[in-house]
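The values are calculated or read from the model by the stated rules, or taken from the named source; none is laboratory data. Computed from a predicted structure; not experimentally measured. Methodologically, a virtual Cβ is constructed for each residue, glycine included, from the backbone with ideal geometry; neighbour enumeration extends over all protein chains shown.
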There are 2 protein chains.
Amino acid sequence: MEKILTGKMEKVVGKSVIRPDAGEKVLGRSKYAADYTPPGMLHAVTVRAPWAFLENLRVDVSRARTFPGVACVAVAADIPGTNIVPLVFQDQPFLAETRALFHGEAVAVVAAETLFEALNAADTVDVTGTQSTPCIDPESALKPDAPRLHGEDNIFKSYDIRRGDLEAAFRRSDVVVDREYRTPHQEHAYLETQGMLAEPDDTGGIRITGTMQCPFYVQDAVAAILDLPKHLVTVVQCATGGGFGGKEDVPSIVAGHAALLAWKTRRPVRMIYSREEDIRTMSKRHPSISRIRIGADSSGKLLAADVDYTLNGGAYATLSPIVLWRGAVHAAGPYNWEAVNIESRAVATNTVPNGAFRGFGQPQVTFAIESALDELAELLDMDPLEIRRKNIIGLGDLTATGHEIDSSCGMSEALEQAADRIGWTEKWKKKPVTPPSKNSDPVRGIGCSTTFYGLGLGAGGKHLARAGAFVQVEDDGTVRVYIGNTEMGQGARSVIGQIAAETLDAPFESVYVGRADTSRVPDSGPTVASRTTVMSGGAVMDACRKIRRALVTAAAILLDCDELVIESEVDRFFNRTIPGQSVSYTDTVKKAKFLRLPLTATGWFVSPDTNFGDDGQGNAYMTYVWSANIVEVEVDPGTLETRVLHHVAAHDVGRAINPREVAAQIQGGALQGLGYALQENLTLDGEGRILNAGFSGYLLPTAADAPLITPIIVEDPFREGPFGAKGIGEPPLIGVAPAVANAVDNALGVRVRKLPLSPEHILKSLMEMESES
Amino acid sequence: MEKILTGKMEKVVGKSVIRPDAGEKVLGRSKYAADYTPPGMLHAVTVRAPWAFLENLRVDVSRARTFPGVACVAVAADIPGTNIVPLVFQDQPFLAETRALFHGEAVAVVAAETLFEALNAADTVDVTGTQSTPCIDPESALKPDAPRLHGEDNIFKSYDIRRGDLEAAFRRSDVVVDREYRTPHQEHAYLETQGMLAEPDDTGGIRITGTMQCPFYVQDAVAAILDLPKHLVTVVQCATGGGFGGKEDVPSIVAGHAALLAWKTRRPVRMIYSREEDIRTMSKRHPSISRIRIGADSSGKLLAADVDYTLNGGAYATLSPIVLWRGAVHAAGPYNWEAVNIESRAVATNTVPNGAFRGFGQPQVTFAIESALDELAELLDMDPLEIRRKNIIGLGDLTATGHEIDSSCGMSEALEQAADRIGWTEKWKKKPVTPPSKNSDPVRGIGCSTTFYGLGLGAGGKHLARAGAFVQVEDDGTVRVYIGNTEMGQGARSVIGQIAAETLDAPFESVYVGRADTSRVPDSGPTVASRTTVMSGGAVMDACRKIRRALVTAAAILLDCDELVIESEVDRFFNRTIPGQSVSYTDTVKKAKFLRLPLTATGWFVSPDTNFGDDGQGNAYMTYVWSANIVEVEVDPGTLETRVLHHVAAHDVGRAINPREVAAQIQGGALQGLGYALQENLTLDGEGRILNAGFSGYLLPTAADAPLITPIIVEDPFREGPFGAKGIGEPPLIGVAPAVANAVDNALGVRVRKLPLSPEHILKSLMEMESES
């Protein structure tokens, strides 16, 4: 004990402590879903639709049910509860019943003694129906004669945001850019595929252990499919090998399936997706089409922004309505516009449902607006950094939704620090008037983007914007902390442990942060939207402050003084009126325990208020993260291959609780953004089948592809955040692709308006440019 | 859901709801320690000392370590932490090191792939040393030349209680009884033997699952033996097949052993005791010798009580100091004495350590004082009921420790109801002047006892007299409750669920009470001393009241009224100023959730103050349970076998939360008390070996032996208890044996002063009586 509780004691917030799960990960001791093998466990697999749009669906499982080793085969009719995944809309079945809307939609599930038997039995299931012509892209789906996939118009949701007199602003504009930008699917490519273990437990209900971001969504789903009361559904997150949004809603389905089989068989059932199955059937980043029309006066003052933003939602709504909302709110970028008009819609098609993915609807439209801004600067003959300097939001300015920014706005500082670090002034030069010839030496270019990111769920998810925590101090001073948000690799357990230690003045090493478990903490909303530090951190502070009050009482008794003169530092309480009089943290805890004071508490945090009216105006988010990305690239004019030389990413995170983890998030997000920018390209055939469902066909950036990435942490504290912190999960990806596109254009003189910036797409843009001129 | 949350709604406190674990027990679904078999689990056994007093101990495990299948053999030297079981004193090692003090003391532990391999390997361990002469009884141990087993005098602890001028009171006494009474060991004979599973877990620490009463003691023990901080030791109680005190301290040793092996092997290790091992080595009720000298005036007014009380503590102190304290505090019975002198001591011997057992030091001395009181009544020619009526404590009276009883005193009511029910007036007649001849028909007699029981830990365990709870209301209104006390068959989960439901006005069926888990609730002290209802019940009420405040806020908003006019009944909140205006509990919960109000809370309860001075005076307990037992027996003068015809047991429990469970506790305690009274007799040879370590040799009452037992519940509410409740776990056993002894004397005219009242002991008493006369 002593070795844990003593040693050099210093404040821990702001220190790059080693994350508590580092050891178990490095040593391979972390237990992921596939590492759980309780006695008597069955293996489960999913039977899927073989066509993207099947009507009059028939699923014949009679052969599978008699297959050796099979314990249970379930179809929609076998569901005791509701065959609807509970999410934003109530449109997606756990198992398709009358029609299947995408290639690979689940139609039956099989549990058997071995995985081999389960797979073989699944192969015997006969899935038939009327093969209708699938509708793969939103433009087709919006045609009047398109098949009805959702409602009357195939539109899941639309949002309009309007501020100011748009046409007047355009009339005053000296230059206008009007262009269309497109982005493809992106695959989350988390290290660990979807996986769930469901076990009937001694509550009389069921216990789910698995890889997930949102245990409370999973709890909702399992309660729904089994018609169980919530207190009999316990969901525990195990070690989770990445999420990136891909484990926001999807695990609800996997858990629902495993739970259904476990409930039917009264045995533990484990379902682990293969990589191919995972890529083929799980959510993706929405493909998008953005039409951007923006105008400025001759001085470069931005006047009018008119954005038309369309997302391909795929077969079911899943999270599309709120992905769309976030995209729309941020569509005009972090700029002072005189007038803004944003129209947006998410459209139903026959592809896999697209859903949450780091950035959540922002990267697509940010690629568009930030590319268009560079195109506008070019027309104005301006340095792209200069046009941003002139127009970015500062204190007192309004966002597109009319949110007046009154604090924590490090936009300008982020931009200037990034520009300084990369040497923008020395490096930037005008783009070539014509592209260099194929045989030229590689050319270099530099590009930037400025972006903002509304922290948390915002007004669109207001009723979920709360979080709880449970904190218990043991009599040796060690601390257990449970929160409702998950650790999926982002370092939440480190940050939460630091917040707890700092609030209690306990040594960081004595704090254990447990895995999310719905039976230990109240519904704390999803682990998304970079909200964990502020929301769960706030809840942990609330709990720790309650416990600290008991410690202050005990310290005052030990020091024989009034509680009002008690102050503390790490591992010590002292009487501030008498220098040198102090008691250790551990002795204070022991005294508090002896006094029978409570050292266990729950904490609760409700986000600062947000609002959003039907006019698209309001304080959409509690605060914003402000970011600048600057990328230097080298492009080979012959192969049109792009190599990133240096990527500087500056983010105003309010306060970095753990700078190393913040930097790691920035680096990870930057690399994932570079993949999105340059190479990732999920390919669907005309019938909605994913053709490259594997990492030999779907090309991810590897460590070898990683350029020099320089994270810059800007800290303009957020009053309501723990120790001033905001968040950093999503922002690092958002502005990467446009910075790269702008750099490629700067290097090569070719504007590419379609991601990825692959040699093929650059060549196509080059050819279009040549044919236009 | 609806079917669970609707239906006939009525207040649940005071209702005999079916205990929530009834179904799983009846269906055999409860998971006991031996039902846990995680993958990779090892089986563990204990190697034990073959002699009751071995000095210069040597344990050679070299052969065992090379035995096939053996994963680990550990001796004292292998313990990474402290080789002392943390309890009242620090005298007992987990594994004997230099000397073994009782026959069967643990000296090594073995873990192997199979139980068979573990047992075989254990057989090869060579345990040698100097065989000293064991000291089996306290009278030998107190001799000046006795071996030094503990300290300088072999006395673990002594307590004196003195009030008034004893000798003056004796001088005023017209009659005096001065007698010695003896009681033997009693075996707990719980259905499930000791058993523990230890698993290294993903906290980096260890998780213990097992059969136990006191998870926080187990946590202390495992942290000590492994030198782990407390937050890395998680202890979860599984279904527990009875405890009766035998799972208060002993599981700490079993868990320590299993944890040691799990820690060394980094594998799950399960240790399950065989019945023989369990009886041979685990704690017992202390054998006792009580010398009672009491005096009264000719009217029957009790004047002086002088009690000398000696317990055989066995080889280590374990809980003897506090068992002794409880015995001493209650030694003079629930009577108004003018003067009291109680001297008591617990003595070290070379038997298995004696410890906690239902009644905790009270049944032994109660047998003595209640027998003596009948002997005194006989001298006064008084009805034994009459002498009690005349002297029992009522409001305003003082106990032996000078505690003035100012509320919740149903002593008189219990006695009168019991007397009425059995028909005392009609049945009682004076005992025969001489015993009937061997050939006579069976003779009948009736006997009574009046007793009291200090609830909870009292001043002797004051710093442990607190408890915590965790309550979470899910958004469908269902409720999870966790407490720090355990369900071991006594019905705690039912009672706690009723208290939670009543406080929240939630339907009882929607409440789940989980198993005790040290990671979910703060140290709530041991589950002993009939304290769970008051302590954990109080903590649960505290938590539920916090949540109820949020519900009242939500209800006031739904009903558009002030919170002050909100009232509630089961499943409904209403505006008391407007008849008919109400909202359902479930809608109120949903609204509260939508409003982002916290529906999770911790609760805390600290017992009312108690105190106990060096003079043995003070308010020893927060309150008392008052009990009367009346027994009618039939004795065969030939075989001297006693049959109980009817047993009426009346107990003032304050308030019966669940009358059926209270009645079940009374019946169970009565039968266990009848076994103690009539037949249970653990037999040790002169070297301290237990000779009847099995249920063919140690005779327990079975269902076939059970007489008609009539429980009477008296309810004089305890202000500080939940809904007025006190407790009922221990009291039912305490007064049974003297009531039976008094009835046997009444039937046969033979006073037996040594338990059990077996034919042998009755015969011996008869022969002594004959030789005296």
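None of A:462, A:427 is within 12 Å of another protein chain (Cβ to nearest Cβ), of a type outside the set (Phe, Trp, Tyr), surrounded by fewer than 23 Cβ atoms within 10 Å (Cβ to Cβ) and touching a residue at least 40 places away in the same chain (Cβ under 8 Å) except A:462. Taking the conditions (1) of a type in the set (Val, Ile, Thr); (2) over 21 Å from residue A:45 (Cβ atoms); (3) within 24 Å of the chain's Cα centre (by Cα) in turn, residue A:292 satisfies each one other than (3).
With respect to (1) under 30 Å from residue A:250 (Cβ atoms); (2) in contact with a helix residue (DSSP H, G or I) (Cβ under 9 Å, 6 or more places away or on another chain); (3) within 14 Å of chain B (Cβ to nearest Cβ), the lone exception for residue A:601 is condition (1). Is it fair to say residue B:155 is crowded, with 20+ Cβ neighbours inside 10 Å, modelled with pLDDT of 95 or more and of a type outside the set (D, E, K, R)? No, not satisfied. Being of a type in the set (S, T, N, Q) and either surrounded by fewer than 24 Cβ atoms within 10 Å (Cβ to Cβ) or in contact with a Leu (Cβ under 9 Å, 6 or more places away or on another chain) (or both) holds for only one residue in B:485, B:439, and it is B:439. Restricting attention to the stretch A:60-79, does a residue exist that is hydrophobic (A, V, I, L, M, F, W, C), touching a residue at least 40 places away in the same chain (Cβ under 8 Å), surrounded by 18 or more Cβ atoms within 10 Å (Cβ to Cβ) and within 30 Å of residue B:202 (Cβ to Cβ)? Yes; the residues of the stretch A:60-79 include at least one that is hydrophobic (A, V, I, L, M, F, W, C), touching a residue at least 40 places away in the same chain (Cβ under 8 Å), surrounded by 18 or more Cβ atoms within 10 Å (Cβ to Cβ) and within 30 Å of residue B:202 (Cβ to Cβ). The number of residues in the stretch B:461-519 that are out of contact with any Lys or Arg (no Cβ under 7 Å at 6 or more places or on another chain) and among the aromatic types (Phe, Trp, Tyr) comes to 1. The set of residues in the stretch A:558-575 that are more than 44 Å from the chain's Cα centre (by Cα) and crowded, with 17+ Cβ neighbours inside 10 Å comprises A:558, A:559, A:561, A:575.
Being without any contact (Cβ under 8 Å) to a residue 60 or more places away in the chain, under 30 Å from residue A:312 (Cβ atoms) and of a type in the set (Ser, Thr, Tyr), is that true of even one residue in the stretch A:638-657? For the stretch A:638-657, residues without any contact (Cβ under 8 Å) to a residue 60 or more places away in the chain, under 30 Å from residue A:312 (Cβ atoms) and of a type in the set (Ser, Thr, Tyr): absent.
Every residue, every condition in (1) at the interface with chain A (Cβ under 9 Å from one of its Cβ atoms); (2) under 20 Å from residue B:88 (Cβ atoms); (3) hydroxyl-bearing (Ser, Thr, Tyr), yes or no:
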site: B:186; (1), (2), (3): no, no, no
site: B:192; (1), (2), (3): no, no, no
site: B:197; (1), (2), (3): no, no, no
site: B:201; (1), (2), (3): no, no, no
site: B:212; (1), (2), (3): no, yes, no
site: B:220; (1), (2), (3): yes, yes, no
site: B:228; (1), (2), (3): yes, no, no
site: B:235; (1), (2), (3): no, yes, no
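Among the residues of this structure, residue B:529 counts as one that is assigned to a loop (DSSP other than H, G, I, E, B), of a type in the set (A, V, I, L, M, F, W, C) and on the phi > 0 side of the Ramachandran plot. The numbered conditions (1) surrounded by fewer than 24 Cβ atoms within 10 Å (Cβ to Cβ); (2) within 14 Å of chain B (Cβ to nearest Cβ); (3) farther than 17 Å from residue A:523 by Cα are all true for residue A:240 except (1). Of the residues in the stretch A:534-552, at least one is modelled with pLDDT of 95 or more and within 24 Å of residue A:333 (Cα to Cα). Looking across the stretch A:604-618 at every residue that is more than 14 Å from every other protein chain (Cβ to nearest Cβ) and in contact with a strand residue (DSSP E or B) (Cβ under 8 Å, 6 or more places away or on another chain), the one that is modelled with the lowest pLDDT is identified as A:615. Say whether the condition of being over 21 Å from residue A:193 (Cβ atoms), in contact with a Gly (Cβ under 6 Å, 6 or more places away or on another chain) and not in a strand (DSSP E or B) is met by at least one residue in the stretch A:674-697. No, because not a single residue in the stretch A:674-697 is over 21 Å from residue A:193 (Cβ atoms), in contact with a Gly (Cβ under 6 Å, 6 or more places away or on another chain) and not in a strand (DSSP E or B). Number of residues in the stretch A:465-486 that are under 17 Å from the mean Cα position of the chain (by Cα) and within 9 Å of chain B (Cβ to nearest Cβ): the value is 1.
Taking each residue of the stretch B:23-44 that is within 13 Å of another protein chain (Cβ to nearest Cβ) and looking for partners that are in a helix (DSSP H, G or I) with beta-carbon atoms closer than 8 Å, six or more apart or interchain, yields B:29/B:23; B:30/B:24. Which residues, counting only those in the stretch B:139-189, are part of a loop (DSSP other than H, G, I, E, B), small (Gly, Ala, Ser) and within 24 Å of the chain's Cα centre (by Cα)? Within the stretch B:139-189, B:189 is the sole residue that qualifies. For the residues B:489, B:537, B:497, the requirement of being over 24 Å from residue A:477 (Cα atoms), more than 19 Å from the chain's Cα centre (by Cα) and more than 10 Å from every other protein chain (Cβ to nearest Cβ) singles out B:497.
Applying a threshold of 8 Å to beta carbon distances and a minimum spacing of six or more residues, or different chains, the list of pairs starting in the stretch B:311-336 at a residue that is of a type in the set (Lys, Arg) and ending at one that is in a strand (DSSP E or B) reads B:326/B:454. If you go through the stretch A:640-673 and keep only what is over 22 Å from residue A:630 (Cβ atoms) and either part of a strand (DSSP E or B) or under 19 Å from the mean Cα position of the chain (by Cα) (or both), you end up with just A:661.
In the stretch A:542-571, the residues that are under 23 Å from residue A:483 (Cβ atoms) form Cβ pairs under 6 Å with partners that are assigned to a helix (DSSP H, G or I), at six or more places apart or across chains, as follows: A:544/A:500; A:544/A:503; A:544/A:504; A:548/A:504; A:550/A:592; A:551/A:588; A:551/A:592.
Out of B:569, B:632, B:563, one residue alone is closer than 30 Å to residue B:762 by Cα and either touching a Lys or Arg at 6+ places or on another chain (Cβ under 8 Å) or away from chain A (no Cβ under 14 Å) (or both). It is B:632. Scanning the stretch B:500-520 for residues that are surrounded by 24 or more Cβ atoms within 10 Å (Cβ to Cβ), out of contact with any Asp or Glu (no Cβ under 9 Å at 6 or more places or on another chain) and away from every other protein chain (no Cβ under 12 Å) turns up just one, B:504.
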